[in-house]
Every structure is written in C-alpha cells, then in structure tokens.
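The values are calculated or read from the model by the stated rules, or taken from the named source; none is laboratory data. All values derive from a computational prediction rather than experimental measurement. Here the Cβ positions follow ideal geometry from the backbone for every residue, glycine too, while neighbour counts run over all protein chains shown.
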Amino acid sequence: MPDALSLDALPTVGDRRIALRVTADALRHVRAGHPWVFGDSIVSTSHVGATGDLAVIFDSDRKFVAIGLYDSDSPIVVRIVHVGKPVPVDRAFWAAKIEQAAVLRQPLLDAEPGDRPAYRLINGENDGLPGCVVDRYADTLVVKLYSPVWFAHLADVVGALEDSTSTRSIVLRLARTVAAGETYGFDDGDVIAGRIPDGPVLFTEGGLTFEADVRSGQKTGHFLDQRANRLRIGRLAAGRDVLDMFAATGGFSVHAAAGGATSVHSVDSSAPTLAIAERNMTHNADRSEVAACVHTTEVGDAFDVMVSLARSGTSYDIVVVDPPSFAQKRSSIDVAVRAYTRLTHLALRLVRPGGILLQASCSSRVPADLFYATVLDAADAAGRELRQMVRTGHDIDHPVTFPEGAYLKAGFWRVL
C-alpha cells in the first residue's frame, strides 16, 4: 500500500495576481456564467502572468467582475471560478464549492443502496472548478486535471476534499494535455492523500458491484456518466439477447445480465478492458440472473465485428452502441456524423424486429439535434422504422451550466 506523495513542494499562489481587461462580448459572456475567456478576447493585462495565477477581470470602469485561473499557454487563457463581488480564493473557497456540489448529488446517494457508491463529485466547469474533475469510488477520490492551472491550487483543493468528505485516499490523474505534472514531481496515477491498495477499488451501481482501476484505468477508472442509461437497460433486458458494442468495462453488460438477459455479448477493441468486464460479471455471479446469463466477449474493431455478425445472420433483441468521442475538434464533425451513420446502419442489421436500439454520443461538438437526425436519417435509408422510446442526457452528477458542457446524448428506439 503506497504512501501518498507530499503536496508540500507545490507552489502556492499567495498574492500572485494578474489584472485583465477583456472585450465587451467576453465580459457579457462571463457575467452570463460562461467559464472561459479566450486569448483573442483579452484587451490588456497588468503584467506577464504565470500559469495558475489568479486572473482578476475588471470592466471599463475598473470595477471587479470576476476571477479565474490564468494559463498563457492555452487558447483558454482564463478559466473563471467566481463572478460577482471580490472574494479570497483559498481552501475555504474551494471547500464551499465542494459542499455545494455534494448537496446537488445527495438524491443520487439516497437512491443507491450500500456504502460504496460511485459518482462524479465535481464536474469541472459545471461545478465551478474548470478543468478539474473529481470522481468518487466508495471511499476513494480521483482528481483528474485537464489544465496545469490547478497545480498552484492543488494543495488547497485536496485539503478541502479531505475536510468535506470521508475519503480514505485521493488519486491524481492527468489528462494527456497536462504534462506539467512532471514539473512538480507527479505522475498520472499517483496517490496524493491517504493510502490506497494496489488492486482495484470496488464500488456499487444500482446495487451491483464493479471494480475501478483508479490509478491506470480509462478516464478515472469507470464511465460514470452512463449510469442512468445502464439502469434503464437493466429494466428492459429480461428474457432478451443483448449485444453491447464498445463494451469497455462491461457496465451495460452487467446491468443487462442482472436484469434477466438470456445472453450478453460484449465487444471491445481492448482485451484488458474486456477482462475487467468479465471480472465485473463475476463480482455479481451470486445473483441468480447473472449466473443464468450466457456472457461472451469478443475483442475486435466494432465496425468489423458488426459486419461479421450481420453476415453470419446473428441478431439480438437489444443492441447497445456507445462509442467514444468521434469529434475531438470542430473539423472532425463530418467524420463523426459519417461514423454515427455507419454505426446505425450496422446496428439495425443486428436488431430483431420489435427489438431495441440504444445509440449514444459523447461528442460535445456534435449537437443533440444533429446526432438524433443522423440516426433517424440512417434508419430511413436502411428501410427500418424507429419508434422513439426516450431520449436521455446528463444525470444529476454531471450537471450542465454552459453550452459546451453538454456532451452526452442517447436515444432508445423500438426498431420495427
């Protein structure tokens, strides 16, 4: 069980502040709650700032408007953390934001049996900590940073998390774009508070047991944002054959099996990830429904596997298509739309008449209207009628407070 790395060597902000003036449009957006200020919106600065400095934004009358975290190396130069009257940005400031976020999630905790829940405690910009995500797995917190501005504030944030939660340990995860961790002696997956076993952390979702590799797994160890859709699939799965494409660690697969599915076939391109899916199924083997379900896995490219299944005449009552983001940048939107179109065509070849298609998108640059229109157009071209059951978005632990914060959309359709 490794000890946590010390945060003592991290820089502190203290009085490191930089004053900014921005364009009228940017000022209007900040006052309306948008959390980003781009470089081309900055009119003047008081001096050359350093990453992590507190950026204080004033209006043309030199009145305080907002404060954010400064990053001169990013197109997003300021990430707003407060709008209104001046306040100190310290440990108590972050603790108040964490407490506010925790209150928002309480209904989710009230609905989850047991004492090992998993949920997103801090959803970045949408909870006032832009570029910082905190996921909870039982008594372990995972802090994932998407911007180096947070290293100057990490000690205060971690302290606030320890004060506000009953966590046993805190793990640091770094996005690929955040190389600054090496500057301060941190690597992706380091334990930065408390102690944690080398093995996976067990948690529950809808009363089912899963494991999360919080130190080296994808994202923070599990895809928490699809919880509500997984629970819905569990309620629909009784007596049905289910295909789980892009299965990852088997969230949809396990819920389907626990819901009484006759069989579940899990497909993913990663063999190690599918091995976790198999273990997650085993974690729940004491349930009679899971024990009775025939679970198979297949490693392969999703498009190739779906073509092969269709050619062999295989079909299912429920097909789940939950791919990764196809549009990491604006120029990739057309590529994403073509991918969604092809996935719909392939999925419809595998759904039995009267069966169910769940197709999802986590590409924030593909608006919901465009995604749903793409699926419906593809179904028309394939000669299959889709009768909408429900469209879903973000659960309460993934709140959305600005347009770019909305990324998840999913549709459940009856296929005729």
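Here are some notes:
- Test: Gly124 is on the phi > 0 side of the Ramachandran plot and not acidic (Asp, Glu): yes
- Unique match (being touching a residue at least 60 places away in the same chain (Cβ under 8 Å) and not acidic (Asp, Glu)) among Ala360, Ala302: Ala360
- Among the residues of segment 147-206, just one is part of a helix (DSSP H, G or I), of a type in the set (Ser, Thr, Tyr) and free of Cβ contacts under 8 Å to residues at least 40 places away in the same chain, namely Thr183.
Here's the yes/no breakdown for (1) surrounded by 17 or more Cβ atoms within 10 Å (Cβ to Cβ); (2) touching a Leu at 6+ places or on another chain (Cβ under 6 Å); (3) not assigned by TED's automatic domain parsing to the domain that holds Val133:
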site: Trp36; (1), (2), (3): yes, no, yes
site: Ile57; (1), (2), (3): yes, yes, yes
site: Arg62; (1), (2), (3): no, no, yes
site: Ala66; (1), (2), (3): yes, no, yes
site: Glu99; (1), (2), (3): no, no, no
site: Val103; (1), (2), (3): no, no, no
site: Pro107; (1), (2), (3): no, no, no
site: Glu112; (1), (2), (3): yes, no, no
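- From Leu129, Leu121, residue being buried (at least 22 other Cβ atoms within 10 Å of the Cβ) and not in a loop (DSSP other than H, G, I, E, B): Leu121
- When segment 226-240 is filtered for residues that are within 22 Å of Ser363 (Cα to Cα) and basic (Lys, Arg), the ones remaining, listed by number, are Arg227, Arg230, Arg232.
- Residue in segment 375-384 that is under 24 Å from the mean Cα position of the chain (by Cα), surrounded by fewer than 19 Cβ atoms within 10 Å (Cβ to Cβ) and not polar (S, T, N, Q) present: no
Conditions tested, residue by residue: (1) outside the structural domain of His295 (by TED's automatic domain parsing); (2) of a type in the set (Phe, Trp, Tyr); (3) crowded, with 23+ Cβ neighbours inside 10 Å.
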position	(1), (2), (3)
Ser166	yes, no, no
Phe186	yes, yes, no
Phe210	yes, yes, yes
Arg235	no, no, no
Asp244	no, no, yes
Thr249	no, no, yes
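- Tally, over segment 144-170, of residues that are among the polar types (S, T, N, Q) and farther than 26 Å from Phe223 by Cβ: 0
Per-residue answers, yes or no, for (1) touching a residue at least 12 places away in the same chain (Cβ under 8 Å); (2) out of contact with any strand residue (DSSP E or B) (no Cβ under 7 Å at 6 or more places or on another chain):
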residue: Asp334; (1), (2): no, yes
residue: Ala381; (1), (2): yes, yes
residue: Val390; (1), (2): yes, no
residue: Pro399; (1), (2): yes, no
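- Flag for Tyr70 being touching a residue at least 40 places away in the same chain (Cβ under 8 Å), touching a Gly at 6+ places or on another chain (Cβ under 8 Å), outside the structural domain of Arg168 (by TED's automatic domain parsing) and surrounded by 24 or more Cβ atoms within 10 Å (Cβ to Cβ): yes
- Residue list for segment 275-299, restricted to those being touching a residue at least 60 places away in the same chain (Cβ under 8 Å) and in a helix (DSSP H, G or I): Ile276, Arg279, Asn280, His283
- Residue satisfying all of: in segment 334-346; in contact with a helix residue (DSSP H, G or I) (Cβ under 7 Å, 6 or more places away or on another chain) and surrounded by 18 or more Cβ atoms within 10 Å (Cβ to Cβ); nearest to Asp304 (Cα to Cα) among these: Leu346
- Any chance Ala247 is closer than 16 Å to Glu205 by Cα, modelled with pLDDT of 95 or more and in a loop (DSSP other than H, G, I, E, B): no
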